[in-house]
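Peer 1: Mind looking over this structure? Questions follow.
All of the numbers you see were taken from the coordinates with simple rules; none came from a lab. The shown structure was predicted, so the numbers you read here are calculated from the model rather than taken from an experiment. Cβ placement follows ideal geometry from the backbone for every residue including glycine, while neighbour counts extend to all protein chains displayed.
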Amino acid sequence: MTFRVLTAELAHETNTFSRRLTGAQAFKDRYVLFENAAVTARSDANTELAGFVDAGRAHGWEIEHVLSASAGPSGKVERAAFEWLCDPIVAAVGRGRFDGILLGLHGAMVLDFCEDGDGEILRRIRASLSAEIPIAITLDPHANVSQQMSSLADIVVSFRTYPHIDMRESGARAGGILHRTMAGEVKPRTIRVSRAMLEETNGGRTDVGPMIPRLAKAEEYERHADVFAVSINAGFASTDVADVGPTVLVTGQGDFDQHIAFAETLADDIWERRYETLNDYLTVEAAAAIGAGFDPRSGPLVIADYADNPGAGGYGDSTALLGALLEAGVSNACFGPMVDGEAAQTLHGTEVGEHIQLALGGKTDAEFGGGPLTLEGELVSISDGHFVGDGPILGGLSRSYGPSAVLRVDGIEILVVTIAQQMLDLQQFKSFGIEPEGKRVIALKSMQHFRAAFEPISGQVIVCDSGALCTQHYERLPYRNVPRPIFPLDQDAC
Ligand SMILES: [Zn+2]
C-alpha cells in the first residue's frame, strides 16, 4: 500500500525581547520555498526535509510537500506573516486525504496574538484532520515545548546535536516512526516533563558536558520495544512565555507511567546540574586582552560574542567587543557580522579603496551591547551578501546577508551586513574575501554553532558576553510571563 504523506517546514525561534517583529519580509530574507522549489533546494542538504524525502523513498510514499519557510531568530511573528505561511498547510491538509503529516518545526515560535506558535500550527492542522491520522514533527532542541504541542503531535523527534548537525537524520527518524504508525504496527503518543528553568544550563550543547551521558541514556531507553523516540530539549531562554524551558519527551506506547518516570530522571539531572556552566563568559576587555597577545602559530584565537548571537535573536549590531578589540590594538583580525543596513548602504555609495568615516553599529538599542562607534577605515569590498555554505550545518545551502561590505579599521577587517545571520560557516567570511585561517583573531557572533566549522581551524576558542540582547545576565531582561519562581531568575528561591 502506498501512503500519502503531507510534509512542510515552518520554523521560527522567537526572541520575545527583540524590538524587531517578524513579518513576511523576514521570512523572504531567509527562505520561503513552495512545493518543488523547496524539494530542489533542500532535499540534497542537511535539512529535515531531506530526511523526510529519504524516509519517503525508503518506504515508497507519495509525498506532497507544501512549503519550507524560515526567518532568522527575531521578535514575535506577525499575524499576517503567520497566516500567509500556515494557511497553505492547513488548506492542503483539508483537501488531501493523507495517511500521515510530517512537519519540520522549530518549537520556539511566538506569535503577536498567541504565545504558542507551534502549538497553534498543530491545533489548526488537527482541526481539519480526522483524529486517527498521525502527526509527526521534528524540533530543534531549543524548542519550548508546550503541553499543547506534545499532545497534538503523536510523534516528536528533536535534534540530538548542538551545534545542530543531525537535521537530516532527525527528519528520517521521524519519518520512520510515522511509517510504522501509518502501517498500524505501532500507536505512539508523546509525553512531556519539564523543569522550572529558563533553559538547560549550557543551552544543550552536546560537544562536551552533561548532555552526552543524558543522550546515551535516552538512546538506551529507546531500545525498549515500546519506545520510539526520546527528545531532550534545552529550551530557549529569550522567550517570555509560560512554557519556557527544558523538557524531556518520550514518544512511545504501552506503560506511560514508566515512560514518565524515565523522563523525570533526565529532567532531574538537568535540574541537579544547573550550576555546571561549561563556558567561561569573559568580559569584552578580558577577551580583547587575550587577543592582543595571542600567538596564532597553531591557528587563530576565536572570540565568540555569545550575547549578540543573531541565531538567538540578538540584533548583531553590538559594538562592545569591536570597541574593545580596537582599544586593545588587536591586529590581523576579522570581525563579523556587524549588522547595520544603514552603514552597508553608505559603504555601497563609496569607492572601493576609499577611506571613510562613519558611525557603525549600536543603532538598535544601545542599552544592550553599546552604542554606535565612530570609525575611520578603508572600504575593502562590497557585495550583495550572497553565499553558499560549505560546512557541516550549511553545506550546499544558499543564504544572504543582503547588501554587505568589508571595512578595514586599523588591523581589523569588519564584515558589515544588512540581514542578521549567525556566523557558523567559514564561507560567511571567505565569500567576502576574508580568510579566517590566516588571522590572529577571529571575532564572531555565535553561541555554539560556530564550533562546528571554526573549532577545527582555531588555535583556541574563548567566549565573551558583550551585554547584548542574549546576555547571560537574565536579570536585565523584563520577564513577565514565565512562571515564578524559575531558575536562574529566582536563584535563591530555587
Ligand atoms: Zn537550536
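Peer 1: Sequence gap at least 6, Cα distance under 8 Å: using those rules, report the relative contact order of the chain to the nearest whole percent. Walk me through the intermediate numbers first.
Peer 2: Working: 1260 pairs, mean separation 77.6, N = 494.
Averaging sequence separation for qualifying contacts and normalising by length gives 16 percent for the chain.
Peer 1: Which of the peptides 30-39, 312-321 is most tightly packed, and how do the rest follow, going by the mean number of other Cβ atoms within 10 Å of each residue? The partial results should precede the final answer.
Peer 2: Details: 30-39: 16.8, 312-321: 28.9.
The peptides rank, most packed first, as 312-321, 30-39.
Peer 1: Another question about this same structure. Which order do peptides 383-393, 476-486, 323-333 fall in by mean Cβ count within 10 Å, highest first?
Peer 2: Descending packing order for the listed peptides: 323-333, 383-393, 476-486.
Peer 1: Which of the lysines could a cross-linker span from Lys76 if the Cα-Cα distance has to be under 21 Å and same-chain partners fewer than 8 positions apart are dropped?
Peer 2: Lys76 reaches Lys28, Lys363.
Peer 1: Could you calculate the FRET efficiency of Ala366 with Arg480 from 1/(1 + (r/R0)^6), where r is the beta carbon distance between them and R0 is 30 Å, rounded to 0.05? Please report the intermediate quantities before stating the final value.
Peer 2: Working: r = 23 Å, r/R0 = 0.76.
That gives a FRET efficiency of 0.85.
Peer 1: Counting just the Cα atoms, what span does segment 376-494 cover along each of its three principal axes? Round to the nearest Å and put the largest first.
Peer 2: Reported extents, whole Å, longest axis first: 52, 35, 28.
Peer 1: Shifting gears a bit: Want the number for Ala91 to Ala493: 0.36 nm per residue separation, take away the alpha-carbon distance, what's left?
Peer 2: Working: separation 402, 0.36 × 402 = 144.72 nm, distance 4.75 nm.
Going from the current span to full extension adds 140.0 nm.
Peer 1: Still on this structure: Under a cut-off of 23 Å between alpha-carbon atoms, report the lysines in cross-link reach of Lys439, not counting same-chain residues fewer than 8 places apart.
Peer 2: Partners within reach: Lys430.
Peer 1: Helix 48-59: angle to the longest alpha-carbon principal axis of the chain, degrees 0 to 90, nearest 10?
Peer 2: Value to nearest ten degrees: 30.
Peer 1: Just from its helices, what would the mean residue ellipticity at 222 nm be for the chain, if runs of 4 or more DSSP H residues each count -39500 (n - 2.57) and the sum is divided by every residue, rounded to the nearest 500 deg cm²/dmol? Can you show the working numbers first?
Peer 2: Working: 14 runs with 139 residues, N = 494.
Calculated from helices alone, the mean residue ellipticity at 222 nm is -8000 deg cm²/dmol.
Peer 1: Computed FRET efficiency, Cβ-Cβ of Ser331 and Ala216, R0 41 Å: what is it to the nearest 0.05? Could the numbers behind the result be given before it?
Peer 2: Details: r = 44 Å, r/R0 = 1.08.
It comes to 0.40.
Peer 1: What angle do you read, to the nearest 10 degrees and between 0 and 90, between the alpha-carbon axis of helix 167-182 and the longest principal axis of the chain?
Peer 2: Roughly 10 degrees, rounded to the nearest 10.
Peer 1: How large is log10 I(q)/I(0) at q = 0.16, 0.17, 0.20 Å⁻¹ when the Debye formula is applied to the Cα atoms of segment 306-413, each weighted equally and without solvent?
Peer 2: -0.76, -0.86, -1.16
Peer 1: Another one. Multiply the residue separation of Thr374 and Arg408 by 0.36 nm, subtract the distance between their alpha-carbon atoms, and state the gained length in nm to one decimal. Mind showing how you got there, number by number?
Peer 2: Working: separation 34, 0.36 × 34 = 12.24 nm, distance 1.35 nm.
Residue separation times 0.36 nm, minus the Cα-Cα distance, leaves 10.9 nm.
Peer 1: Follow-up question, since we're still on this one. So for the chain, what percent of the C-alpha to C-alpha distances run longer than 43 Å? Could you put the intermediate results ahead of the total?
Peer 2: Details: 17387 of 121771 pairs.
For the chain, the share of Cα pairs beyond 43 Å comes to 14 percent.
Peer 1: Setting aside same-chain residues fewer than 8 positions from Lys187, which lysines have a Cα under 24 Å from its Cα?
Peer 2: Lys217
Peer 1: Using 0.36 nm per residue, how much length does the chain from Ser298 to Arg4 gain when fully extended, once their Cα-Cα distance is taken away?
Peer 2: Details: separation 294, 0.36 × 294 = 105.84 nm, distance 5.35 nm.
Here the segment from Ser298 to Arg4 would lengthen by 100.5 nm.
Peer 1: Over segment 197-318, with a single point scatterer placed on each C-alpha, what log10 of the ratio I(q)/I(0) does the Debye formula yield at q = 0.10, 0.11 1/Å?
Peer 2: -0.45, -0.53
Peer 1: Could you list Glu9, Glu222 so that the one with the fewest beta carbons within 10 Å of its beta carbon is first and the one with the most is last?
Peer 2: Working: Glu9 27, Glu222 15.
Ordered by Cβ neighbours within 10 Å, fewest first: Glu222, Glu9.
Peer 1: Say each of Asp390 and Glu435 gets a label point 7 Å from the Cα, pointing the same way as Cα to Cβ; how far apart are those two points in nm?
Peer 2: Simple spin-label model gives 1.3 nm for this pair.
Peer 1: Among 343-352, 368-377, what's the highest-first ranking by average C-beta atoms within 10 angstrom per residue? Working shown, then result.
Peer 2: Working: 343-352: 16.7, 368-377: 18.8.
Put in order of decreasing packing, that is 368-377, 343-352.
Peer 1: Separate question: Cα centroids of segment 1-24 and segment 319-390: how far apart, whole angstrom?
Peer 2: 31
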